[in-house]
Every structure is written in structure tokens, then in C-alpha cells.
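Comments concern the structure below.
The values are calculated or read from the model by the stated rules, or taken from the named source; none is laboratory data. As the structure is a computational prediction, the values presented were derived from the model and not from experiment. Glycine also receives a Cβ, built like all others from the backbone with ideal geometry; neighbour counts cover every protein chain displayed. Calculation scope for accessible area: heavy atoms of the full protein, side chains included, ligands and nucleic acids excluded. Shrake-Rupley method; radii C 1.70, N 1.55, O 1.52, S 1.80 Å.
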Amino acid sequence: MNSITVDIEKLQREIDALALITEATPPVVTRVLFSEADLRGRAFVKNLCREAGLVLREDAVGNMFARWVGTDQNLPAVATGSHIDAIPNAGKYDGVVGVLGALEAIRALQAAGFQPQRSIELIVFTAEEPTRFGIGCLGSRLLGGVLSLERAAALRDCAGRDLEFWLMQGGCAGSLPSVKLAGDCYAAFVELHIEQGPLLEAENLDIGIVEKIAAPSSLRLQLTGVGGHAGATLMPGRRDALLAGAEIALAVEHAATTSGSLDTVGTTGIFRIAPGAVNSVPCEAYLEIDLRDTQVATRDAALAQIENRAAAICQRRGIKLALQRVNVDPPAICNAPLVQTVEQVCHKLQIAATKLTSHAYHDALFMAPVCPTTMIFIPCRGGVSHRPDEYSSPAQIQIGVRVLAEILAAV
Ligand code: GLV
Ligand code: MN
Ligand code: MN
């Protein structure tokens, strides 16, 4: 094989072009699962994969697989990939670097004359982001078999539409049980991603090698109080759903900050009220809460505390509470030999790297039980992510893609 050259100008042009496919006004990127923008984004990526001569397939939940067929098709493939869906008000690098960067890694290997023995497969996962259904990593959960078909069928978006509705919109075909991967289908999975944290930039490092992915969980709460006229309903005896929700949001902050673990993070990211009139007491409140930690024990204790406090607050305020645990996941431990392979590659290329824990979740969390898994992080400016000003430089992306290409060839 000749030396591997990453065409960063081409890759940056593709990242910029995908960022213009958005439900929002650029530079804001919003691509919610199976929205018109998400569908156009998927078509854009599929087209590039076809141009690279990859063989495309899609499963019943819309996960996309683009395969560079190896010379020995009896060997399990090596997989890479990430997501292109984007939360409201996002930037252009989260997930995308791991999809278009992986494609460029494959093209760079092709240009270097590498002949893969194992097939190399780029996976574009469906709905890593929880925006549509409140649950993250929908596609990889189904691939890993950790989301039951009953739970999948029960998923509803904020307008009450189910997964079946959205799969039709997405043009997906096939049966959901067929999505689950066989245990021996991949030799490894390596996801390239921006760090979404400040460590690499602060320490002037080029690469983070992920050893562990923190344990996420989330809750949905529907609060029903009693509405009424804001002038004529006197304060004693009010049953204001917003005020109960506000107390619950504070209880989330309290549980996270007093858990005893610096890694516990709690966020009330969605808080809607009805009827939403300035002169009307809120009769309904809807909250979605995100709670994570690197340690299960402190995460679970904080989760229980939030649930107990929510029940007590609602009882005291005369509010009806419906609380649903959407997901409570374990952390993922990455594969030690694969982590070592990434370390060796970085050492060989004289790239400054460190091992770290991912506080964000990723599809790799659900690939880890399926096959040996790790992630390659590149720095992002100020550790900023899930914001339009998210940024990694072309030079930083180029290094990440170079390392990924070496790994794909080495496994
Ligand atoms: C992924 O987007 C996360 O919220 O960690
Ligand atoms: Mn994200
Ligand atoms: Mn992501």
C-alpha cells in the first residue's frame, strides 16, 4: 500500500454541503429523524457512497450500510460510522465527522491501493439523537437488540405519531426483528467523533481514545394540574402544573450536584406548558429529563431521588403525575486490545493522544456489546457542541480521519 493521503479539502466541502441541508437557517443545523432535511441528508450521503463504489443496504429502521467488499467475504467486516441527524439548533460536526470522515478514510485507503481482506462497512445510524421519540440511539439500540420490539412499537413523538408512521415517511421496508445484528457480524466497530468536551483542546492533544462511555438515562413527565383565570383564581388552592415542573427541574439540579460524583449531570431539556397564555394558570406541563454519570451507582441514586421528589412535589401541589423511564442504560467499556491498536497507530504516526471517557453517548455505546468497539475523538473549539458554533478545524479532522484509516486497515 502507498502512503495514505486524506483529501481534507474535499471532505470539508462535503461537510459544508451537508450542513446546508437543514430545517433551520444556516449556519444552524437541525435534521430531525425522517424530516425532509434528514431524508435529503441521507440521499446526499448515499450518493457519495455510491460514487466511492460502496455497496449500499438499508435495514427496516433506516440504518444505512455502505460496504467496501473485501477479498474474503467469510471474514467478519470491520465497521465504522456515526449519525447525520442533528438536534434543533445544532452545528455541522456532531456525527457528521464520523460519517463523512469515515467515507474519506475509505476513499483514502482506496487511493493508496489498499486491498481489504475483510470488508469495511460504513454505518449511518438512524436517530442517534433523541429529538423525535425522546430516546437516543434508536438505530443502534435495535441493532444491538437492547430495545424490545414492544418498546419500539410504543414510541410516540410529541404529536402522538408512532415509529411505524415515521418509518413509512422514511421509506423503510422490512420487519423490525430483522434489524438485530448477529453476534459475529463485525470484527470491530470504531466511531470517529468530535470530543464535545474541552479536554483535548486544553491539553493540546490531537486524539482521544475512548475507553468508557458514560451511562445515560432519561425520564418523561406529564403533569396535570388545574387551569383557570390568572386574575380571578386566587393564590390559595392553585394547582399550577408549571410550578410543580419548576420545582422538579430544581430537584434534578440538586440530585446531580449532590450525588457525590462530579460526573453526574442532570438536565431538564424540555419543559412545555399548556395552555400557554399569559393570563391563564398552566394546567399542563411536560418535562424531559436527561441524567448521566460514568458510575451507575451514583446515577441510579440520583434517578431515584428525582423520581421520589417529583412524586412528593406533585402530591403537595395537588398535581397528577405520569412519569415514564424512557431509558436507563449501563455504561460501555471499550475493547482493551482495540484501544491498544489505536494507541499504537497514534504512536507510529507521532500523534499526541490520550485515553479518556466519553461523557456524551454515542451509537458505540450499543455496538460495544455486539463487537469489539472503541471511539476516536478529535478536539473541538472550547469543547462546544450541540450549538451552531461547534467547530473542529480541517487540520484536526484530517488527523482523525488519518488515524481511522490506519485502524480500518489494521483490524
Ligand atoms: C448525544 O448527542 C448525547 O446527547 O450525548
Ligand atoms: Mn449529539
Ligand atoms: Mn453525536
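Annotations
- Cross-chain or 6+ apart pairs with Cβ under 8 Å, region 205-231 first and acidic (Asp, Glu), then in a strand (DSSP E or B): Asp206/Ala353; Asp206/Ile378; Glu211/Ile333; Glu211/Lys355; Glu211/Leu356; Glu211/Thr357; Glu211/Thr374
- On the stretch given as region 344-368, residues that are out of contact with any strand residue (DSSP E or B) (no Cβ under 6 Å at 6 or more places or on another chain), open to solvent by 50 Å² or more (accessible area, probe 1.4 Å) and under 24 Å from Ala215 (Cα atoms) total 1.
- Residue within region 129-142 that is more than 16 Å from ligand 1 (Cβ to nearest atom), crowded, with 23+ Cβ neighbours inside 10 Å and farther than 20 Å from Lys46 by Cα present: yes
- Considered as a group, the residues in region 189-200 that are under 12 Å from the mean Cα position of the chain (by Cα) and not aliphatic (A, V, I, L, M) include one that is farthest from ligand 2 (Cβ to nearest atom), and that residue is Glu191.
- Within region 6-17, not a single residue is in a loop (DSSP other than H, G, I, E, B), in contact with a Leu (Cβ under 8 Å, 6 or more places away or on another chain), more than 16 Å from Cys172 (Cβ to Cβ) and not hydrophobic (A, V, I, L, M, F, W, C).
- Residues located in region 90-112, provided they are open to solvent by 10 Å² or more (accessible area, probe 1.4 Å) and within 16 Å of ligand 1 (Cβ to nearest atom): Lys92, Asp94
- The number of residues in region 60-89 being away from ligand 1 (no atom under 16 Å from the Cβ) and buried (at least 17 other Cβ atoms within 10 Å of the Cβ) comes to 14.
- Within region 103-139, the residues that satisfy the criterion of being of a type in the set (Asp, Glu) and within 16 Å of ligand 3 (Cβ to nearest atom) are Glu128, Glu129.
- Boolean, Phe133 is under 19 Å from the mean Cα position of the chain (by Cα) and over 25 Å from Cys49 (Cα atoms): yes
- The residues on offer are Pro388, Pro337, and the sole one that is modelled with pLDDT of 95 or more and within 16 Å of ligand 2 (Cβ to nearest atom) is Pro388.
- Among all positions in region 252-262, there is no residue which is crowded, with 19+ Cβ neighbours inside 10 Å and among the acidic types (Asp, Glu).
- Qualifying residues in region 18-47 (those that are outside any strand (DSSP E or B) and among the basic types (Lys, Arg)) - the one farthest from Glu390 (Cα to Cα): Lys46
- Condition met for Pro337 (surrounded by fewer than 21 Cβ atoms within 10 Å (Cβ to Cβ) and in contact with a helix residue (DSSP H, G or I) (Cβ under 7 Å, 6 or more places away or on another chain)): no
- Region 187-201 - residue that is more than 20 Å from Glu104 (Cα to Cα) and either within 12 Å of ligand 1 (Cβ to nearest atom) or without any contact (Cβ under 8 Å) to a residue 24 or more places away in the chain (or both) and, of those, surrounded by the fewest Cβ atoms within 10 Å (Cβ to Cβ): Gln196
- Residue selected from region 381-392 under the condition open to solvent by less than 30 Å² (accessible area, probe 1.4 Å) and away from ligand 3 (no atom under 11 Å from the Cβ), by the criterion farthest from Asn204 (Cα to Cα): Val384
Condition check ((1) out of contact with any Phe, Trp or Tyr (no Cβ under 9 Å at 6 or more places or on another chain); (2) of a type outside the set (Asp, Glu); (3) assigned by TED's automatic domain parsing to the domain that holds Pro130) across all residues:
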| residue | (1), (2), (3) |
| --- | --- |
| Tyr186 | yes, yes, yes |
| Asn204 | yes, yes, yes |
| Leu223 | no, yes, no |
| Leu234 | yes, yes, no |
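- Residues (in a loop (DSSP other than H, G, I, E, B), more than 20 Å from Ile135 (Cβ to Cβ) and within 13 Å of ligand 3 (Cβ to nearest atom)) located in region 48-100: Gly91, Lys92, Tyr93
- Answer from Ala332, Ala302, Ala285 - the residue that is within 16 Å of ligand 1 (Cβ to nearest atom), touching a strand residue (DSSP E or B) at 6+ places or on another chain (Cβ under 8 Å) and open to solvent by less than 10 Å² (accessible area, probe 1.4 Å): Ala332
- In region 324-344, the count of residues that are over 26 Å from the mean Cα position of the chain (by Cα) and in the same structural domain as Ser148 (by TED's automatic domain parsing) is one or more.
Residue-by-condition table, conditions (1) within 16 Å of ligand 2 (Cβ to nearest atom); (2) in contact with a Lys or Arg (Cβ under 8 Å, 6 or more places away or on another chain); (3) not small (Gly, Ala, Ser):
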residue	(1), (2), (3)
Ile120	no, yes, yes
Val124	yes, yes, yes
Gly134	yes, yes, no
Val146	no, no, yes
Ala159	no, no, no
Ala182	no, no, no
Ala202	no, no, no
Asp206	no, no, yes
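- Search result, residues across region 13-59 that are open to solvent by less than 30 Å² (accessible area, probe 1.4 Å), among the small types (Gly, Ala, Ser) and in contact (Cβ under 8 Å) with a residue 60 or more places away in the chain: Ala19
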